[in-house]
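Each remark here refers to the structure printed beneath this line.
The values are calculated or read from the model by the stated rules, or taken from the named source; none is laboratory data. For clarity, every value in this text was computed on a predicted model and none was experimentally measured. Every residue, glycine as well, gets a Cβ built from its backbone with ideal geometry; the counts of neighbours run over all protein chains shown. Note: accessible area is taken over every heavy atom of the protein model, side chains too, but ligands, DNA and RNA are not part of it. Shrake-Rupley method; radii C 1.70, N 1.55, O 1.52, S 1.80 Å.
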Amino acid sequence: MTYKKIETVCGICPGECQVEIETDGRNIKSIKKSSINSPASVCLRGMYSDEIVNSKDRILNPLIRTAPKGEIGFREASWDEAIEYMRDKFSSIIDNYGAHSIMSHIGRGGFDSPTDDIVSARSGYLEPTGFLSPIGSPNNASVASLCYVSFGVFAPMTTFGIIGRRLLPDIENTAYLVVWGTNPKMNSPMFRYNNIVKQKKRGMKLIVIDHYKSDIAKLADKFIMIKSGSDGAFIHGIVKYLKDNDMLDIKYLKNYCHGLNAYLNYVDEFNIKRVIEETGIGKDEIVYLAKLLLENTAALLSYTGLEYTNCGVQTIRALYTLWMLTKNIDIKGGLLINDTQNERAKHLSYKKSEYKAIGSEEFPLFTKLVGQAQMTQFPKSVLEGKPYKIRGLINIGSVISINYPQSNLYREALKNLDFFVTADRFLTNDAEFADVILPATTYYEEDSYVIYPTHIILKPHAIEPRGNAKPNYVILNNIAEALGFGDEIPKNQEELIEHAFYHMPEVVRSLKENGIYYFEKNDRHYLKYETGELREDGKPGFPTPSGRFEIYSNILNEYGYEPLPEYIHGNESSKNTPDLFLKYPLIMNTGARIASTFRTQHLNIEGLLNHQPYPLIILNSCDAKRRGIKDGDWVRVFNARGEIKMVACVIDEINEGDTEINIGGGNKLFDINWRDANVNLLTDNTNQDQISGFPIFKQLLCEVEKI
Ligand SMILES: Nc1nc2c(c(=O)[nH]1)N[C@H]1C(S)=C(S)[C@@H](COP(=O)(O)OP(=O)(O)OC[C@H]3O[C@@H](n4cnc5c(=O)[nH]c(N)nc54)[C@H](O)[C@@H]3O)O[C@H]1N2
Ligand SMILES: Nc1nc2c(c(=O)[nH]1)N[C@H]1C(S)=C(S)[C@@H](COP(=O)(O)OP(=O)(O)OC[C@H]3O[C@@H](n4cnc5c(=O)[nH]c(N)nc54)[C@H](O)[C@@H]3O)O[C@H]1N2
Ligand code: SF4
Ligand SMILES: [Mo]
């Protein structure tokens, strides 16, 4: 057998890291790190990609349901038969109830560049767009309903008037990197983590603010441990300290900030005593961070750690405000504002619907800023018919019945659909309710392209697809075919790049000729809000309604929300639900990423399971002792909504009364240790950030007892 070494893209998660693999076209002999992007050798999942690709559990052909809903029972079918079947079922729903009764949903398994380019929402439309726009359904959703957009769209758009993708920490040039509510060692791709390690050698100092000692906190020069969900109080406390000590350059800031006075009055509520009480952080640390931010350059890295509280969007707005007030925005070594990125990909055609997307009544700003339906309102639609009933669902790469809050509600909803199609590599929990399951390839098996910050590459498949599995974009093409708009979705690599870069012919040409395209390098400009480079009219300021950095957000005000970045003590908490707190006295914080899994994924991969065999709840040692729990004990974690079984991991570096619970368990077909470990049985689909609709994953209540 002859093995060849080829540079390709890791097949396992949307990190799309570059790797070098040795393959004979079918088998993978070795996987090595590559110089271009993140080394797979530091990523556990990347190391086991051959085990994932060749897993005996892979779905190899389209499956059609034979058993009653709620059971696993399918027969294999050809693609032609599956397409005919879908055509039949979907046509009947559309004819009887209208196209708005069908919904699409894209999960993390659909975060590859092509899928994203084809189906993600487009700005400039007044109505929500997406995969089903061509047939006139406004109901296109994705895991954006609970991931990234509070941080990446809501907070930056309502503050800077700029999307989060344009805000970049200048790690190479900063004196201090502040990592606040993210863990770049887990977060993919991992080139950021490698860069942090490299810059630390240069002398950069690392500050980490987290509710427990995460992997990145272990690497920190200074670790500040905060009570879950209280970051807003900490930030306001820092600003109050700066204000009280006349350390802010008010004259300068007044020129560029909208609502400065109102905010500086608001922070008066956050005296040291209150801040210490809310956050568990001492006065020294408030003073330390205040001075550090003011006297040095500081870059900021943040993400999901701040998204899942009742004031998630506002807390991230407060954080940006702190960076602005300490003049760390768009300076060398600070938080940079990048040039506008060109829009990519042809828009799918758009047929107007007289129906509004589900969730647009409850969360109007979600529809406005994200252009999608808010999936958290899907159960209400299916089960209560409000505002109308969704009857058909097309799901690409997501496990809805585990990853959304209050999972049983979503199970009920999936069960009550007339027709449900899902595309995946494995039988997931949702399979219990799927009528058709379509087999998806890994990236190793796909011909597509990948976009990196400096270049775009064409990516040929490294190994032959297993069975009759297909890439997401071909699956989308096949479903579109069944629904009558197949010609709008590319079905091979050539059509794919013509679709994605239709407005950039030089990219298409370069990819076809050389397989690679390099972006032009532009000189970096700093302080663009002073020079007028951020606004269309060329005036100094920001592209917001007021033309300034909006501490007071006009958009939030217009939509009836609090315009200042206010702090709210959790809706479910010692203060707001004291009776519940007596029964469930621990703060339930869920979902810090672990190395061996990708949420529900890989709990059937032995190599990875060996690295962390058990689902963990991390507890403070005093809380454990009081309950007679020792490190490694199996425990029951419960609240009024449900109970799960986890293994206790007892540490000192988490506040008393706080917890950190792994997500992803619950698939009956995967490892036995993880089967009763779906923490979303304990979360609440009605407790949300009122601005974004994001569920509260990091600030609920629970109790633990030894089994
Ligand atoms: N309690 C709690 N719940 C959470 C979170 C939390 O922090 N706490 N986090 C939330 C977040 S941030 C997110 S993004 C969601 C994630 O929600 P999901 O997107 O549902 O995440 P996964 O469990 O990764 O499911 C992805 C599925 O896609 C499949 N897949 C992988 N690659 C491909 C592919 O190329 N094609 C196809 N068709 N399928 C593929 C995988 O096998 C897997 O079944 O969960 C959320 N849920
Ligand atoms: N291995 C692996 N990688 C993944 C994923 C995975 O499941 N597995 N999921 C992917 C997905 S969907 C996403 S969205 C990204 C997420 O990427 P990240 O946001 O980087 O996710 P985490 O690694 O959980 O980092 C969040 C950090 O915030 C901390 N935190 C939690 N609550 C609070 C709080 O109240 N205050 C503060 N200051 N910190 C808090 C957590 O302890 C954790 O260390 O990761 C992606 N990468
Ligand atoms: S982060 Fe994702 S893409 Fe990168 S090596 Fe790990 S599994 Fe592969
Ligand atoms: Mo996510």
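Some notes on this structure:
- Using the Cβ-Cβ distance between residue 643 and residue 72 with R0 set to 30 Å, the FRET efficiency from 1/(1 + (r/R0)^6) comes to roughly 0.80.
- All other residues whose Cβ lies under 15 angstrom from that of residue 210 are scored, Lys and Arg at +1 and Asp and Glu at -1, for a net of -2.
- Each part gets one Cα centre, and for the range 213-291 versus the range 496-570 those centres are 27 Å apart.
- Difference of contour (0.36 nm per residue) and Cα-Cα distance, residue 287 to residue 163: 41.6 nm
- Solvent exposure, largest accessible area first (probe 1.4 Å, DNA, RNA and ligands not counted), of 611, 455: 611, 455
- The candidates 8, 577, 454, arranged from most to least accessible area with a 1.4 Å probe in the full protein assembly, appear as 454, 577, 8.
- Within the shell of other residues whose beta carbon sits under 9 angstrom from the beta carbon of residue 695, the net charge comes to -2, with Lys and Arg scored +1 and Asp and Glu -1.
- Tensor-based shape of the range 560-707 (alpha-carbon gyration tensor, a/c under 1.5 rounded, otherwise prolate or oblate): oblate
- FRET efficiency estimate (nearest 0.05) - Cβ-Cβ, residue 559 to residue 268, R0 30 angstrom: 0.70
- Neighbourhood net charge (14 Å Cβ-Cβ; Lys/Arg +1, Asp/Glu -1) for residue 71: +3
- A 1.4 Å probe run over the protein chains yields, for the range 570-707, 39 Å² of accessible area per residue, whole-number rounding.
- Heavy-atom accessible area order for 182, 686, largest first, 1.4 Å probe: 686, 182
- Two-site label geometry, residue 91 and residue 524: point separation in nm, points 7 Å out along Cα→Cβ: 5.7 nm
- Probe 1.4 Å, protein heavy atoms only - accessible area per residue of the range 407-512 in square angstrom: 31 Å²
- Pair residue 197, residue 669: separation of 7 Å Cα→Cβ label points (nm): 3.6 nm
- Between residue 249 and residue 81, the FRET efficiency estimated from the beta carbon spacing at R0 = 56 angstrom works out to 0.20.
- Members of 240/291; 4/56; 185/630; 415/668; 222/283 lying beyond 19 Å, as alpha-carbon distances in this model show: 4/56; 185/630
- Label point of residue 339 set 7 angstrom out along Cα-Cβ; within the range 490-522, amide nitrogens under 12 Å from it belong to 519-522.
- Virtual spin-label span in nm between residue 583 and residue 546, 7 Å along Cα→Cβ: 4.4 nm
- Of the trypsin sites (Lys or Arg not before Pro) found in the range 455-532, those that fall in a DSSP loop while having at most 16 other beta-carbon atoms within 10 Å are 521, 524.
- Accessible surface for residue 172 stands near 90 Å², nearest 10, in the context of the full protein assembly shown (1.4 Å probe).
- Rounded is the label for the chain, because a/c, from the alpha-carbon gyration tensor with a ≥ b ≥ c as root eigenvalues, stays below 1.5.
- For the range 77-203, the gyration tensor built on C-alpha atoms gives a prolate shape. Its axis ratio a/c (a ≥ b ≥ c) is at least 1.5, and a/b is the larger of a/b and b/c.
- Accessible-area composition of the chain, carbon plus sulfur, in percent [1.4 Å probe]: 48 percent
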